[in-house]
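As structure tokens, the structure follows; a few thoughts come after it.
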Amino acid sequence: MINDSFFVQSDVRETYKIFPEVWSQHSPYGASYEFKVNCFGDYDNLETCFLWEVDAVRVISPNLSIYELNKDFNVNNYSGEITRRWVLYGPYNGSLPTSGNYTFEYIVNDIVIVNDSVNYEPSTIGYPRDVFWDRRGNDLYVSWVPPIGVTDGVFYKVIIWEEYGTPDTFVSDRFESESVDALLPNVSFVTGGNYSVNVAVYFKDGYAFSEYVQFEW
């Protein structure tokens, strides 16, 4: 239950265990942005932490545009990764975030009870190319050509979605900066089902993802 103590701000991020970010998004389909704020810390249940209790989160950009974020609490059935966040993805044909100060507002009963800010400077990285897939029994093998200039501290995600009426599927897993291929064991795909795979590289200020490669299992 949120109470009046939430109006008292000291170190906002440490007090409420939240971490807001402004990210660039880069791909063969164009440049864009992502705004998100995650909970951090250890919790016994998915539906916990400060972000679960707020009614809305919005971001005000340096040019005073307002963006409404979407609540996203889930557990990845394949990797077990737990997500507790509010997030908004920009359109593929958008633009990188402009430099400056972005204000994150956390709202309950139409009242801003907490705010925080992120100072963003534009930054991009090249995206993985030449994504290749192969079925190996019940495992999915994926390889890619990494972008130039990848350094320690970045990581990759291999991400798969369903296509063309195939039952809902979302599979992803994380791989370290030196990776150029990955094996995803025991994927629960339907024989004859249609899917698409891409590979994303994540760095401090954003991420870049490859083209979507469609395949039939």
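The values are calculated or read from the model by the stated rules, or taken from the named source; none is laboratory data. Predicted model, so just to flag it, every value in this text is computed and none were measured. Methodologically, a virtual Cβ is constructed for each residue, glycine included, from the backbone with ideal geometry; neighbour enumeration extends over all protein chains shown. Surface accessibility is based on the protein's heavy atoms, side chains included, excluding ligands, DNA and RNA. Shrake-Rupley method; radii C 1.70, N 1.55, O 1.52, S 1.80 Å.
For the reader, a short list of remarks on this structure follows.
- In the stretch 133-166, the qualifying residues are those that are in contact (Cβ under 8 Å) with a residue 60 or more places away in the chain and open to solvent by 50 Å² or more (accessible area, probe 1.4 Å), and the one that is farthest from Asn186 (Cα to Cα) is Trp133.
- When Glu121 is tested against (1) more than 20 Å from the chain's Cα centre (by Cα); (2) farther than 20 Å from Glu81 by Cβ; (3) not aliphatic (A, V, I, L, M), just one condition goes unmet, and that condition is (1).
- When Ser172 is tested against (1) touching a Lys or Arg at 6+ places or on another chain (Cβ under 9 Å); (2) assigned to a loop (DSSP other than H, G, I, E, B); (3) over 30 Å from Asp11 (Cα atoms), just one condition goes unmet, and that condition is (2).
- Residue in the stretch 61-80 that is modelled with the lowest pLDDT, counting only those that are among the aliphatic types (A, V, I, L, M) and open to solvent by 40 Å² or more (accessible area, probe 1.4 Å): Val75
- Within the stretch 116-132, the set of residues being open to solvent by 60 Å² or more (accessible area, probe 1.4 Å) and either in a strand (DSSP E or B) or hydroxyl-bearing (Ser, Thr, Tyr) (or both) comprises Asn119, Thr124, Arg129, Asp130, Phe132.
- Residues that are farther than 16 Å from Ser117 by Cα, open to solvent by 70 Å² or more (accessible area, probe 1.4 Å) and modelled with pLDDT of 90 or more within the stretch 81-98 comprise just one, Tyr89.
- Neighbours by Cβ (under 6 Å, 6+ apart or cross-chain): first from the stretch 167-189, within 17 Å of Arg135 (Cα to Cα); second open to solvent by less than 70 Å² (accessible area, probe 1.4 Å) and polar (S, T, N, Q): Asp173/Ser79; Asp181/Ser143
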